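These notes concern the structure reproduced below.
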Amino acid sequence: MPPRLNIWSACRALSLRTRALAQGPRPGPAMFTRGLADNTTSQLPERNSSAPPPFAVSSNSQTAGPTSQENETALDQLRMIEYGLNPLDASVEGHKYGLPELPLPSQSNTKHRYDSVVEQVTRLLMRDGKLAKAQRDMAIILNYLRTSPPPRLDPSKPLLPGAPPSSHLPLDPVSYIGVAIDSVAPLIKVRGFKGLAGGGKSLEVPMPLGARQRRRTAFQWILDAVNKKHSKGSGRTMFPHRVAEEIVAVVEGRSGVWDRRNQVHKSGTGNRANLNDMKIRGKL
Amino acid sequence: MSAPNCLRCLVRPSTAIPLAIPRQASPLVAPFAPFSTTTATAAKKEVKGHVRGGKKLVLGKFKKNKVESRVRPPGPGERKAYRKRITLSNDNAIQVPWLTDMGPGSLLDTANVAKVLALPEEVQDQLRASEAFKTTQSWKMFRKPSVLVRTETVDLMNRIQGAVEKRQTLRVAITGDKVAGKSMMLLQAMSHAYLNNWIVIHVPEAHELTTACTDYAPIPGTEPPQYTQPTYALKLIHAIKKANEKILAKTYTVSAHPELPQNIPANTPLLAIANAAKEADGAWAVFHALWNELTAQGANRPPILLSLDGLAHVMKTSDYRAPGFDRIHAHDLSLVRLFAEALGGGVQFPNGGAVLGATSRSNTPRAPSMELALAQREAEQRHADPAEVPQKDAFFRGYDERVEAVLRSVQVLRLGGVSKLEARAVMEYWAASGMLRAAVDEKTVTEKWALGSGVLGEMERASLLTMRI
């Protein structure tokens, strides 16, 4: 049974033929009793009836009249074909739920259903492999950010350029957490080459970090700060609340994470001459 | 190396004590000069006083250095208060323009089904006083506390209203799936009662009464012995007083109460009785007097709503012990007894009212008799075939006759999922508040509705408490 009556089912039932009917294979009687009607179930005529099967559809005394709305639609479509128009919308017809719009949204894949920062941070929150707990914690963090008042930004600790204004952040907690992490993320790390500086000292060389590495470092710093904090209350919401408080502190410039970032950057700038050191040629 | 007197004498060596022997061991090694240009004398550190050399006994040297925190540790009860704190408003949430306040007749009107109505300020305070809001409900996300009116809500309220008009008492046990909105149904019934100036007595968590976490004392002269819970009774009186202050002030006593700590003559406002409870000692007497006054036959009394959340806790043996170390049945605790009698139909409220008990699906004990009785009542309600009515398991001993007697004639309201229309209404409210960042169309509604087959709590988890915002 076709799910809906459209032009194709109508065409199937109409059985337009270019050749004489007698030359083709003899069709079953069920085919002819089916018309454009709402009643799409085939009715077999009685075997012993002497009446000949109705061969012509045009003499459709048995088919339902073109009164129903679906019949009207099908007839309209036929007329449009007659005028040389294409009446069929390919995205709707023939599909129960329609075709998806292309390009597919970035989060429609199961494996990438969450924002990339949120996904990464959730894995960093995870302890003992308990991902579901980490996800719940993350949801609580996002809800905390949604209910906390808009952050008062500190001009001396500027957020990432292009960050949304502070009043927009609470209702968009995903970008809130993203802005916080990306703003304190260090650009470099300082790598020590053991014994290359002479006298057993290590030669410290600044190295650039990738986006994921930067976020990871920043969030580890945030987690370090969180672990030193005391809970105000008790219960399972306490850890996520502490993390969320630290994220608010980062955006407001109160957090010690900013100092760690400055420290790394300072030492990287101080040691940038070591990049040209002969001893590390070929080791980077 | 070390001076011998150090190990022997207990006197702390000081300059005041004349010493015969040099107190400082002469250095064997010349002081190390860090640079060749530094003279040895300059490098030599000035050491004053007594220096103890050699090995010293250090206790606990493998313990990590504890960081002395300068933060004041939270005071007693502070952490619990933080955990239990109820926030009813979120300033970040967008104000919903079409939201209307609930009125006295709103929950009776079928036209309000699948609409979200806000609780008026006054009712919020009353509900807060009677602890109807719970921390697990997401009140803190929206600008104003609002509730979805369901088909079951209107149905129940109409039944209550019908009973009140006939001066009868409706007795309903609300049961249903996890997070299906049982407590919320109680809250809606309570807001209806407050809006219509009824008296509301609400036990927010039944487990507080039976898990032996509050003190108890026997009532002398009762057989079988009954027990009061004075501290809880005091707390309950305070809640009743705060929530129903206006009506209690307008309702007058019919008889004198000389047994109370404060003499209450006849024709005094009931508020005076409630105010008489200052200490836990006399709290039960006060509560008893208040209850007798409220249920005094023939007096002009407002309708009464008596509700309790967590029915299973009061339908079994409690964790309290009698002097013989036997467990006390929950129905022998006077407060629970009062509720059980009312639920069993033993109390007639003078101007009608309702007794509601909601089961809970989290942190709930098994109460086989209650489960069976509710299943039986439900089967009877839908006029099931007698063969289909669940029967007692002949090989199980855990049934409780007292519980069966109480639940013999209650009505059962089972809550399940909401219809898609109701789901859409509540999702539109979420979206309008800015808490659901998605277009609310048929696809989204069906998506969320299907996740919990319409159970509101599951829909909330899928759309509000999620990482995908």
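Brief remarks follow.
- At the listed q of 0.11, 0.14, 0.17 Å⁻¹, the Debye profile of the stretch A:68-187, built from one uniform point per Cα, gives log10 I(q)/I(0) equal to -0.61, -0.75, -0.97.
- Separation between Cα centres of the stretch A:166-223 and the stretch B:204-238, rounded to whole Å: 58 Å
- Partner shielding of B:70-77 amounts to 1, given as the average count of beta-carbon atoms from other chains within 10 Å of each residue beta-carbon.
- Residues of the stretch A:249-275 with amide N under 18 Å of the 7 Å Cα→Cβ point at A:LEU153: A:249-255, A:258
- Residue-averaged beta-carbon neighbours from other chains (10 angstrom radius) around B:462-468: 6
- For peptides B:140-150, A:261-271, sequence by mean Cβ density within 10 Å, most packed first: B:140-150, A:261-271
- When the P(r) is computed for the stretch B:420-463, the part past 15 Å accounts for 27% of the Cα-Cα pairs.
- Pairs of Cα atoms nearer than 8 Å and 6+ residues apart set the relative contact order; for chain B it is 17 percent.
- Taking amide H positions as modeled 1.01 Å from N, with prolines and chain starts lacking one, the residues under 5 Å from A:LYS189 and 5 or more places away or on another chain are A:MET207, A:LEU209.
- Between the stretch B:112-145 and the stretch A:98-143, the C-alpha centres lie 31 angstrom from each other.
- In loop segments of the stretch B:254-330 as defined by DSSP, the trypsin sites (Lys or Arg not before Pro) with at most 14 further C-beta atoms inside 10 Å of their C-beta are B:LYS278.
- Inter-site label distance for A:GLU252 and A:ASN276 at 7 Å from Cα along Cβ, in nm: 4.6 nm
- Charge dipole of the stretch B:401-469 (Cα centre as origin; +1 on each Lys and Arg Cβ, -1 on each Asp and Glu Cβ, all else neutral): 80 debye, rounded to the nearest 20.
- Taking other Cβ atoms within 10 Å as a rough exposure proxy, B:GLU371, A:GLU82 sort from fewest to most as A:GLU82, B:GLU371.
- For the segment A:139-152, counting C-beta atoms of other chains within 10 Å of every residue's C-beta and taking the mean gives 4.
- Sequence-distant contacts, meaning Cα pairs under 8 Å at least 6 residues apart, place the relative contact order of the stretch A:116-280 at 27 percent.
- DSSP bridge pairs, chain B: antiparallel proportion in percent, nearest 5: 30 percent
- Overall form of chain B per C-alpha gyration tensor (a/c, 1.5; a/b vs b/c): prolate
- For the stretch B:385-462, the relative contact order comes to 27 percent (Cα pairs under 8 Å, sequence separation of at least 6).
- Entry for the stretch B:263-384 at q = 0.10, 0.15, 0.20, 0.23 Å⁻¹: log10 I(q)/I(0) = -0.43, -0.88, -1.23, -1.37, Debye formula applied to identical alpha-carbon scatterers, no solvent contribution.
- Solvent-free Debye calculation, one equal scatterer per alpha-carbon of the stretch B:101-150: log10 I(q)/I(0) at 0.13, 0.16, 0.32 Å⁻¹ equals -0.32, -0.48, -1.26.
- Here the peptides A:222-233, B:374-385 are ranked by packing, the mean other Cβ count within 10 Å, and the order with the highest first is A:222-233, B:374-385.
- With R₀ fixed at 30 Å, the C-beta to C-beta distance from B:LYS61 to A:LEU124 puts the FRET efficiency at about 0.30.
- Selection from B:GLY77, B:LEU88, B:SER138 lying farthest towards where the dipole of chain B points positive, charges on Cβ: B:GLY77
- Working ranking of peptides B:334-342, B:403-411, B:218-226, A:120-128 by packing, defined as the average number of other Cβ atoms within 10 Å per residue, highest first, is B:334-342, B:403-411, A:120-128, B:218-226.
- Kirkwood hydrodynamic radius of the stretch A:116-280, from the reciprocal of the average inverse Cα-Cα distance over all distinct pairs: 17.1 Å.
- Cα-based values for the stretch B:171-415, radius of gyration first and Dmax second, are 18.4, 58 Å.
Just so you know, all these numbers are worked out from the coordinates, no wet-lab data involved. In this text the structure is predicted, and so the values were computed from the model without any measurement. Cβ coordinates were reconstructed from backbone atoms using ideal geometry, including for glycine residues, and neighbour counts include every protein chain displayed.
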